[in-house]
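The values are calculated or read from the model by the stated rules, or taken from the named source; none is laboratory data. In this text the structure is predicted, and so the values were computed from the model without any measurement. FYI the Cβ positions are ideal-geometry reconstructions off the backbone, even for glycines, and counts take in every protein chain you see.
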Amino acid sequence: MPNTSESFKMRQLLEESTPDFEVSARRAFEGVLGFPTYSPQDFHIASEMSEWSPITCRIQTSNTDFNLTLSLGIDESDLHRFFPKFESDEMKMDAIGEIANVIAGRLLGRRTFKSRFGTMKVTLPSFPDRMEMPQHFQCLRGGLISEKVRVSLGLVVKAKVKGAGNEA
Amino acid sequence: MKRKVIIIDDSKFLQNILQEFFQDRMGYEVVAVGTNGVDAVQLYRQHLPDLMTLDITMPVKDGVAALEELMPEFPEAKVLLVSAVSGDSILECLRLGARGYIEKPLRFEDEEFRKEFIDLVESMFLPVPKD
């Protein structure tokens with residue numbers, strides 16, 4: 001069973017990180033794509049991730065106290081709208097990975113985020129077919145719209161239980 | 001004579017952006033492109049470029065490990081970090097001898113960013129004042 005006070009604390013830490021996540025994501029999209037980007041609804045805490053997108057990029061990292069999973073989902077049909085110059089899907093996926101990489105770099109480098117979760121290193125992006133999520137997790141979820149394309153974003157941070165299995 | 005540059009980044013997307021900018025906007029010759037720290041060291045030895053751009057988070061061997069191997073052998077190497085990460089890894093790379101750092105994303109469509117990037121690269125070729 002989840003520890004209630006621990007769960008409450010995690011929820012609070014994630015809630016406090018909402019602006020960090022949203023700002024990092026928006027700046028990454030606008031910087032890489034060069035399109036204005038906006039958030040159609042508030043980023044919010046949820047007990048499940050958004051519906052699995054056909055293309056989901058994931059970045060996982062951890063330190064001694066936390067496991068973090070950042071996910072970015074997009075429909076395959078929208079990839080071309082983002083990257084009309086690229087003919088190959090490989091290049092489009094590579095660019096999505098680069099956006100996820102920039103979001104993670106900006107988020108993990110923010111002073112306010114580091115003060116809550118400590119220092120974590122950015123790791124390489126991957127495109128899993130599905131994503132195993134930890135039990136009893138809380139997630140920061142949100143969506144962005146850029147160039148009429150909707151992307152879903154998720155951030156799961158889970159405190160490590162000392163001496164227990166700690167997969168993110 | 002054109003200056004020679006090597007681009008090291010695991011993202012093909014970024015490789016293309018940098019390659020295009022160095023060739024078309026700055027008149028550099030891109031002599032090689034690599035995707036990890038092992039490539040960085042091998043290609044540097046092979047081409048002895050005027051400049052190398054280096055990502056930090058890469059598979060096989062990251063940018064920090066590449067600099068640890070490269071800089072003792074080529075202390076005059078001009079390495080420009082191009083990375084999404086910030087903080088301790090950047091400081092470590094600068095301590096190891098990287099000459100400059102530019103944060104991703106590369107917003108080359110932004111005139112101010114272009115100017116900043118070019119100024120940074122050019123500043124790496126200025127003579128270092130002696131103490």
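Going residue by residue through the stretch A:48-68, is there one that turns out to be among the hydrophobic types (A, V, I, L, M, F, W, C), within 11 Å of chain B (Cβ to nearest Cβ) and closer than 24 Å to residue B:17 by Cβ? Before you say what the answer is, go through the steps one by one.
If we filter the stretch A:48-68 for residues that are among the hydrophobic types (A, V, I, L, M, F, W, C), which is where we start, we get A:49, A:52, A:55, A:57, A:59, A:66, A:68.
Then drop every residue that is not within 11 Å of chain B (Cβ to nearest Cβ), which leaves A:59.
Filter once more, keeping what is closer than 24 Å to residue B:17 by Cβ: A:59.
Yes, some residue in the stretch A:48-68 is among the hydrophobic types (A, V, I, L, M, F, W, C), within 11 Å of chain B (Cβ to nearest Cβ) and closer than 24 Å to residue B:17 by Cβ.
Restricting attention to the stretch B:1-43 and to residues that are within 13 Å of residue B:61 (Cβ to Cβ) and not β-branched (Val, Ile, Thr), the residue that is surrounded by the most Cβ atoms within 10 Å (Cβ to Cβ) turns out to be B:40.
So for the stretch A:91-100 (the condition being charged (D, E, K, R), touching a residue at least 40 places away in the same chain (Cβ under 8 Å) and away from chain B (no Cβ under 14 Å)), does at least one residue qualify?
To start, the set of residues in the stretch A:91-100 that are charged (D, E, K, R) comprises A:92, A:94, A:98.
After this cut, where a residue has to be touching a residue at least 40 places away in the same chain (Cβ under 8 Å) as well, the list is A:98.
Next cut, away from chain B (no Cβ under 14 Å) only: none.
No, there is no match, as no residue in the stretch A:91-100 is charged (D, E, K, R), touching a residue at least 40 places away in the same chain (Cβ under 8 Å) and away from chain B (no Cβ under 14 Å).
Within the stretch B:80-95, being part of a helix (DSSP H, G or I) and either closer than 25 Å to residue B:21 by Cα or more than 14 Å from chain A (Cβ to nearest Cβ) (or both) holds for B:90, B:93, B:94, B:95. Could you pull out the residue among A:96, A:59, A:103, A:55 that is under 17 Å from the mean Cα position of the chain (by Cα), surrounded by fewer than 22 Cβ atoms within 10 Å (Cβ to Cβ) and on the phi < 0 side of the Ramachandran plot? Testing whether each residue is under 17 Å from the mean Cα position of the chain (by Cα), surrounded by fewer than 22 Cβ atoms within 10 Å (Cβ to Cβ) and on the phi < 0 side of the Ramachandran plot leaves just A:55.
Hey, which of the helices (runs of 4 or more DSSP H) in the stretch A:78-120, taking only ones fully inside, have at least 1 residues that are at pLDDT 95 or above and not aromatic (Phe, Trp, Tyr)?
Working: elements: A:79-82, A:89-109, A:111-117.
Result: A:89-109.
Within the stretch B:96-131, the set of residues being in a helix (DSSP H, G or I) and surrounded by 11 or more Cβ atoms within 10 Å (Cβ to Cβ) comprises B:96, B:113, B:114, B:116, B:117, B:118, B:120, B:121.
Can you confirm whether the stretch A:38-46 contains a residue that is of a type in the set (Val, Ile, Thr) and either modelled with pLDDT of 95 or more or surrounded by 13 or more Cβ atoms within 10 Å (Cβ to Cβ) (or both)?
yes
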